[in-house]
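These notes concern the structure reproduced below.
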Amino acid sequence: MRRHRLPLTVALLASAFTAPAMAAVPFINASCPGGLDVHADEGGPVYVQGRETTLKRFNDRYFEARDASSGTTLSISTGDDGTPQVSYTGRGGANGICQVSNNGTPATAVEGGRHHREDRDDDAALPREVTCESTDQRQVSCDMDTRGNVEIVRQLSRTRCEQGSNWGLSRHSVWVNGGCRATFRNTSRVSYTAPSGDDALEACNVRKGAQGRVVTQVPVGSDYKELIIDYPEGRFLCMMRNDGRVQSVTPIRRRGG
């Protein structure tokens, strides 16, 4: 009997080690600076440019995925509401935010805290109601303040506009395709602006229960701000909602690790 126990024990340990590594990876479609496309099926694996990465699990809500070909390491975390956030580091000190798509449509990538598209961080200057029309079944994006709740107020096409199918939201715009034509309105009464600078750091410090130093802080989509903070025990990712609430503080790298 002893000759059979060891292989069985090794197999069980191997299964226990590898299975959790992909257990909590969320479904992801994302666009990273430099034209890197990221995809993950629910539960994994994670792909960069169609190549399967090496996945490392830190806890149920934080993973790192390494693509040896491009030298890219993805940091994948999940907020309390299940929303995934993806950032990356690459060769030559490259780093930034990978914009997770909204309903499967790639959003604009962010690099080094600056957007690749024109600098339009002042959402208040964007219209809160727009008419957006898809002609010849093509996809069209229309600039709009998409913070908060956006709804269709007038259906203009015979084709029924269904969110996630032929219309959706990006950071500063609404998109339509497949013949959807409609007027969209931001129906939120209040648009929040996330705390910045010392106020944002202090909120993360209170949640963490320690004093840290900000490495970077950049917006993620239209609802979050991401802060990378050095604490005495290591580097942490602090996700903050635009209403000032800290969503999570997750370890990225421990000192001496």
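The values are calculated or read from the model by the stated rules, or taken from the named source; none is laboratory data. This is a predicted model, so every value here is computed, not measured. Side chains included, ligands, DNA and RNA excluded: accessible areas come from the protein's heavy atoms. Shrake-Rupley method; radii C 1.70, N 1.55, O 1.52, S 1.80 Å.
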Exercise. What accessible surface, in Å², does a 1.4 Å probe find on VAL100, ignoring ligands, DNA and RNA and rounding to the nearest 10?
Worked result: 40
Exercise. Residue-wise, which Karplus ³J(HN,Hα) couplings in Hz belong to segment 235-248, taking 6.51 cos²θ - 1.76 cosθ + 1.60, θ = phi - 60°, and x for glycine or proline?
Worked result: 9, 10, 9, 10, 9, 10, 6, 6, 8, x, 7, 7, 7, 6
Problem set entry | SER188, SER134, ranked by accessible area, largest first (probe 1.4 Å) | SER188, SER134
For this session: Subtract the Cα-Cα distance of CYS142 and GLU162 from 0.36 nm times their separation in residues, and report this length gain in nm to one decimal.
Result: 5.5 nm
Exercise. Residue-wise, which Karplus ³J(HN,Hα) couplings in Hz belong to segment 172-188, taking 6.51 cos²θ - 1.76 cosθ + 1.60, θ = phi - 60°, and x for glycine or proline?
Worked result: 10, 7, 10, 10, 9, 7, x, x, 6, 9, 7, 9, 10, 9, 7, 9, 6
For this session: Using only protein heavy atoms and a 1.4 Å probe, report how much of MET144 is accessible, in Å² to the nearest 10.
Result: 0
For this session: For LYS225, LYS208, give the ranking by accessible area with the largest first, probe 1.4 Å.
Result: LYS208, LYS225
For this session: Could you please put ASP67, ASP37 in sequence from largest to smallest accessible area, using a 1.4 Å probe?
Result: ASP37, ASP67
Exercise. Tell me, what ³J(HN,Hα) does each residue in segment 58-74 have, in order and in whole Hz, if you take phi through Karplus 6.51 cos²θ - 1.76 cosθ + 1.60 with θ = phi - 60° and put x for Gly and Pro?
Worked result: 9, 7, 5, 10, 9, 9, 10, 10, 10, 10, 5, 5, 9, x, 9, 10, 9
Exercise. Any idea of THR89's accessible area? Nearest 10 Å², probe 1.4 Å.
Worked result: 70
